[in-house]
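All remarks here apply to the structure that follows.
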Amino acid sequence: MPAAPDVLPARDRAVILILLVATFVVILNETIMNVALPRLMTDLHVTAGRAQWLSTAFMLTMAVVIPVTGFLLQRLSTRVVFGVAMGLFSLGTLLAAVSPSFVPLLLARIVQASGTAIMLPLLMTTVLTLVPERGRGAVMGNISIVISVAPALGPTISGLILQAFSWRAMFIFVLPVALSALLYGLRTLTNVGERRDAPLDVLSVPLSALGFGGLVYALSQFGTAHGGLGDPALNLPLGVGTVALGLFVWRQVVLTRQDRPLLDLRALRFPMFALGVGLMVITMIVLFGGAILLPLYLQNLRGLSTLQTGLLLLPGGLLMGLLAPGIGRAYDRVGPRPLALPGTLLMAGVLLALGRIDTGTPIWALLALHLALSAGLALLFTPVFTSALSALPPPLYPHGSAILNTMQQVAGAAGVALLIALMAGRAATLSGAGTPAVAAQVGGLHLAFSVAGLVALIAVVLAFFLRAAPQPAQAETFEAAGQPGD
């Protein structure tokens, strides 16, 4: 009988705790900039389009670096990968704090994102390696706390800081925490898992960067391209990204036959993993898109300040964090479907309800809807992550983590691009027909949220098929999967 998570060896518990704290810090940084953009535009004398690059470049870097983490986690020790990740993040944070102008700040954000991209796959792979199947739900519940609470706290913390200090203080406050986590981790972290001399394919890296980076960039520009698909600013990176991604997939198929892929796509041959990736893609489309729409509505149509918006959205993130440990323990008892199915139903129902809000909707009703959406997402995250990654045999853990996290970035960019484009297009159509400006914006918001709700209904269907992966036959299944294309 495998050990329960509460009787894991002290060394293993310490490793997981260090990685959880470090991952919380780097993910917190991902959203801390969102409400600071207006201040940065004023202080650095840049337009909204240029300022938005501080978020776009971060997302682009994540999409480019994450596919390489599968290689890093196989080739390097846990301590070295942790040191690289937190070292890059701390260096980027320091550079951001002392940046004299926009371009150095942008470069600092790219360095930060490089470290952030490595941490989450490192955490997930380590948990899969150390924690037996019977106790993974509880530990994955703790990971869900990191994933849900940190992004929710980011806008609130930055809003509070900006009330009294300059934008540099956001980085100055984070830096000591990041450095403490780095030094403590390097002193106490022990290596887990087995390393193998996986070669680095020099062709796969630029193909991955052009493929995933081009796709994410094109999606992020979708809502601002003036000529739609005919705009070279959109269709050029979209075309380059699509071709490069196709070549990257072909290259991985060839390399897998030689047992040296940068990203082992055989992971997608495991049904529960492929299903989990599909569910996570839909969830990220909805989550990232909705995370943009709701603050726009609250600030542009309801007149709330950035701090008020952050405080209104904070309880939802805290609720996800409170629910995550219990949902993790419930997963260990009942499996994924009894949790994920009501989670998808709740998510779809709330989004369809948000498709009916207007300028007269009470604030308490908006808070209640956001809390219900957060509860649905909490019921979904832990079961999907755990059942998807647990379906893989140990040799595919690093690759599975990299695939799942890469698809999160691409889906998040797609969600923002799709829903913002729908909202703006509908609002423009209504304005052109003579509808008052506020009513036109409400109409655009209704269409975007309604489409998000319809997309979420696909997740309801997929959740019916979610189940715990059969563990005993994993090794045989991995061998039977053979090489893609066989």
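Points to keep in mind about this one:
- Gain on full extension, evaluated as 0.36 nm per residue between Leu322 and Val177 minus their Cα-Cα distance, stands at 49.9 nm.
- Backbone amide hydrogens, once placed in the peptide plane, bring Leu304 within less than 5 Å of Gln299, excluding anything fewer than 5 places away on its chain.
- Estimated dipole of segment 95-208 in Debye, rounded to 20 [Cβ of Lys and Arg +1, of Asp and Glu -1, Cα centre]: 220
- Student exercise, the chain dipole from Lys, Arg, Asp, Glu Cβ charges, in Debye to nearest 20: 360
- Among [x] -0.60, -1.13; [y] -0.35, -1.11; [z] -0.35, -1.00, the entry that matches log10 I(q)/I(0) by the Debye sum over Cα atoms at q = 0.07, 0.12 Å⁻¹ as calculated here: [y]
- Label-to-label distance, nm, for residues given as Trp364 and Ser450 (7 Å Cα→Cβ offset): 2.9
- Each label point was placed 7 Å from the Cα along the Cα-to-Cβ direction; for Arg337 and Val254 their separation is 4.2 nm.
- Stretched out straight at 0.36 nm per residue, the stretch from Arg329 to Thr435 would grow longer than its current Cα-Cα span by 33.0 nm.
- A Förster radius of 22 Å combined with the Cβ-Cβ distance from Leu107 to Arg50 puts the calculated FRET efficiency at roughly 0.95.
- The modelled label-to-label distance between Thr190 and Leu352, using points 7 Å beyond Cα along the C-beta direction, is 5.2 nm.
- Computed [θ] at 222 nm, deg cm²/dmol, the chain (DSSP H ≥ 4; -39,500 (n - 2.57); rounded to nearest 500): -27000 deg cm²/dmol
- The protection proxy used here, the mean number of other Cβ atoms lying within 10 Å of each residue, ranks peptides 23-33, 74-84, 124-134 as follows, highest first: 23-33, 124-134, 74-84.
- R0 of 56 Å, Cβ-Cβ distance Ala169-Val202: FRET efficiency to nearest 0.05: 0.85
Values in this text are rule-based calculations from the coordinates and carry no lab data. Because the structure is predicted, anything quoted here is derived from the model rather than measured. FYI the Cβ positions are ideal-geometry reconstructions off the backbone, even for glycines, and counts take in every protein chain you see.
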